[in-house]
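All of the numbers you see were taken from the coordinates with simple rules; none came from a lab. These numbers come from a predicted model, not from an experiment. Quick reminder, even Gly has a Cβ in these numbers, built from the backbone with ideal geometry, and neighbours come from all protein chains shown.
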Amino acid sequence: MKVVVTSIRVPVSDADLAQFDGEEVEVEIIDGTDEDALLEATRDADAILVLVENITRRVIDNMLHCRSITRFGIGYDSVDVEAATERGIWVTNVPDANYREVAVHAIALALSIGRRLPALDRGIREDGWANSLVPGVHRPDVQTFGLLGMGRIGRRVAEMAKAIGFTVIVSDPVITVEDATAIGVDLVGKEELIARSDVLSLHVPLLPSTRGIIDAAALAAMKPGSILLNVSRGGLVDESALAEALRSGHLFGAGIDSFEQEPLEADSPLRELDSVILTPHAAHWSEESWEETRTKAFADVARVLRGEDPRTPVNRVPVAAD
């Protein structure tokens with residue numbers, strides 16, 4: 001059997017390969033940023049493991065007998081799940097290996113922006129000192145931390161934000177009032193969440209219904225002097241509108257870890273603004289989370305190749321492809 005890893009950035013260890021002990025499995029690592037290379041290498045693959053590469057319908061329809069497509073991480077918007085399901089191919093992810101890291105990253109961005117740490121650091125480096133007496137800095141005790149989405153990451157962020165002193169509110173259509181009460185947060189509608197949040201943090205997947213959910217109108221509805229965080233998916237935010245909201249001073253700042261185009265374009269207006277912290281889709285990373293992600297991803301591939309159901313499927317197929 002043949003397993004293809006579609007990114008040369010993924011280090012495959014002996015421990016990863018040990019998941020296939022007892023099976024005759026060949027593992028091939030390719031640069032899947034080139035679709036032609038993807039088409040050629042995955043045509044006869046029994047399973048593929050994906051970092052950020054686009055697994056399109058064209059790639060999937062070209063596969064002869066693939067059984068599973070596994071993502072190294074939580075999001076799977078780079079995979080055409082509908083096309084895979086039609087072909088009887090499992091699509092799986094690893095939803096529980098890096099949620100703690102993403103939550104920490106969100107909180108770190110919120111505190112760094114709220115306390116103006118980049119500006120203070122820059123002032124010291126450039127002038128030997130910096131003005132700390134700047135309006136707009138507030139203690140968490142008088143601020144509301146809003147979560148758009150309350151999955152595994154959102155719950156972790158809520159716990160941490162509450163511990164720091166924020167009042168936490170959340171908007172999520174699948175969360176009940178009872179769930180919110182048990183967590184110790186207030187459940188509100190999306191419009192109220194946007195209007196009330198001093199810090200608005202996004203924790204929703206990128207779907208047709210969520211693409212551009214933070215557009216110019218949503219940004220205008222945010223509180224003057226508030227902060228926007230996005231550690232989810234870049235397509236959620238209209239980046240040009242965000243840049244204008246920051247440039248005008250309507251928002252105090254923003255922390256953005258995911259972008260519509262990655263790497264971020266040279267002419268992106270966000271790159272010119274001191275009030276935004278930009279990080280390179282790094283919220284997921286720690287040495288521990290990456291090791292756990294790889295272990296669980298390879299283990300799920302091994303399950304499917306043995307004829308078992310995967311641990312964390314994102315679709316349902318009645319019978320694995322032969």
Q | Modelled FRET efficiency - R0 45 Å, S209 with E288, Cβ distances, 0.05 increments | A | 0.85
**Q.** aspartates and glutamates whose Cα lies under 17 Å from that of K296, excluding same-chain neighbours fewer than 8 positions away
**A.** D14, D16, D21, D96, E101, E287, E288, E308, D309
Q | Calculated Rg and Dmax of segment 1-69 using C-alpha coordinates, Å | A | 11.6, 33
Q) On alpha-carbon atoms, Rg over Rh for segment 185-256 using Kirkwood Rh? A) 0.93
Q: Between the alpha-carbon centers of segment 246-322 and segment 122-188, tell me the distance in whole angstrom.
A: 21 Å
Q: Please arrange I175, I69, I55 by counting, for each residue, the other beta carbons lying within 10 Å of its beta carbon, fewest first.
A: I175, I55, I69
Q: Neighbouring Cβ atoms within 10 Å as the yardstick, rank V134, V314 fewest first.
A: V134, V314
Q) At q = 0.08, 0.14 Å⁻¹, what base-10 log of I(q)/I(0) does the Debye formula yield for segment 99-278 when every alpha carbon is treated as an equal point scatterer in vacuo? A) -0.23, -0.72
Q: Please give the per residue volume of the convex hull enclosing the alpha carbon atoms of segment 21-158, rounded to a whole number of Å³.
A: 189 Å³
Q: Note the full-extension length gain between L64 and S7 as 0.36 nm times their separation in residues minus their Cα-Cα distance, in nm to one decimal.
A: 18.5 nm
(Q) Can you order the peptides 135-145, 281-291, 80-90 by their average number of other Cβ atoms within 10 Å per residue, highest first? (A) 80-90, 281-291, 135-145
